[in-house]
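Undergrad: Have a look at this one before I ask anything.
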Amino acid sequence: MEDCLAKKMEITVSEAEKRTGRNAMNMQETYTAYLIETRAVESQGEGQCAPMDSLWRRYSEFELLRNYLSVTYPHIVVPPLPEKRADFVWHKLSADNMDPDFVERRRIGLENFLLRVASHPVLCQDKIFYSFLTQEGGWKEMVNETGFQLKADSRLKALNATFRVKNPDKRFTELKHYSDELQSVISHLLRVRARVADRLYGVYKVHGNYGRVFRYAASIDDILEEEEHYADQLKEYLFYAEALRAVCRKHELMQYDLEMAAQDLTSKKQQCEELATGTVRTFSLKGMTSKLFGQETPEQREAKIKVLEEQIQEGEEQLKSKNLEGRDFVKSAWADIERFKEQKNHDLKEALISYAVMQISMCKKGIQVWTNAKECFSKM
């Protein structure tokens, strides 16, 4: 962790700006650009400070970066991006992705995403990530030149592999259940919080009409807006659940490829044995053809055996390589999953404690308002 980029560079997403331009279809569009500022943390002379570098990025560029990281590092739980459009919000809050309050929360989320990546022991060393922070022009071309899109697994293949893997790894099956439960619990918390916020908003607005004694009611919008920042921290782990499942799907694909390679090798060994002994153990169209049109000559059989032996040798090496690759994937993935779980426990504990402290503070202010009102009525 001492070598991570976050220790060597200050990274902030300092502001957001609404812009108008033309997209790839030459149609006018409105979008938000975010200013990324970086400064090297170096041991310099007293009173000196490294210069600040800055560049603008669109949300779509953050998405491209994350897709690249997910494909390039399949064994890593890649940090999620903040939501593109507001979800799980109390109904008085705007869900418009151009709303200034939403854009501000997304700015904070994008900064958090960059800091998560910069603090990760593996992701922080990626050259494309570093270029994203420091090189405005030509960055997209640099990403595309990596060919990461060609490495991306087909979505259909990923879905089918889940149902066709014969011997799924129990640990990754349990991890999928863990991610589903994490998503379910946080979704429930966010829905409950939105309902409570709606009810609280209504109660305080009604009380606000009673006069200056209930002046605290006027600040309910600020309070619920502050709550939304805590909700965003929960949403990060709601999206982390999908990142966990992505790792599981990649392992299933590797397991499926391994099983297919093992099955193909077994089939070739059986064919070789049948040719060598002249016996057919299972029904095959090739066997029926031989009976109808005569047996192969010894020379033809020897040539086929030789080809099969070469394929078997190649298949054994391939299977050995896939087994080794699978073991490395599991080892690396599990180390990162344990790191993620430790991070999750720490972050959610801090977020929920801070939320509880804020609620206690709000309740104390409410009690004080009612106490003042009671004293006022007592003197009348």
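Undergrad: Give me the distance in nm between label points sitting 7 Å out from Cα along the Cα-to-Cβ direction at GLN318 and SER60, one decimal.
TA: It is 3.9 nm.
Undergrad: How much length would be gained if the chain were fully extended between MET260 and LYS127, taking 0.36 nm per residue of separation minus their Cα-Cα distance, in nm to one decimal? Can you show the working numbers first?
TA: Working: separation 133, 0.36 × 133 = 47.88 nm, distance 3.46 nm.
Length gained, MET260 through LYS127: 44.4 nm.
Undergrad: When the solvent-accessible surface of protein heavy atoms is calculated with a 1.4 angstrom probe, in what order do GLU104, GLU299 fall, highest first?
TA: GLU299, GLU104
Undergrad: Oh, and also: Please compute the length gained on full extension between THR134 and SER184, using 0.36 nm multiplied by the number of residues separating them and subtracting their Cα-Cα distance.
TA: Taking THR134 through SER184 to full extension adds about 14.2 nm, to one decimal.
Undergrad: In the structure shown, do any of LYS176/LYS341; LYS151/LYS341; LYS268/LYS320 have a Cα-Cα gap over 18 Å, and if so which?
TA: LYS151/LYS341
Undergrad: Between ILE108 and VAL203, what FRET efficiency comes out of the Förster formula 1/(1 + (r/R0)^6) with R0 = 35 Å and r the beta carbon distance, rounded to 0.05?
TA: Efficiency, from the Cβ-Cβ distance: 0.75.
Undergrad: For labels at LYS365 and ARG339 in the simple 7 Å Cα→Cβ model, what's the distance in nm?
TA: It works out to 4.0 nm between the two label points.
Undergrad: Among the lysines, select those whose C-alpha is under 23 Å from the C-alpha of LYS374, and discard any that sit fewer than 8 residues away in the same chain.
TA: Partners found: LYS205, LYS364, LYS365.
The values are calculated or read from the model by the stated rules, or taken from the named source; none is laboratory data. Being a predicted model, the structure only gives us computed values, none of them experimental. Because the Cβ atoms are built from the backbone with ideal geometry, glycine has one as well, and the counts that use them run over all protein chains shown. Ligands, DNA and RNA are excluded from the accessible area calculation, which covers all protein heavy atoms including side chains. Shrake-Rupley method; radii C 1.70, N 1.55, O 1.52, S 1.80 Å.
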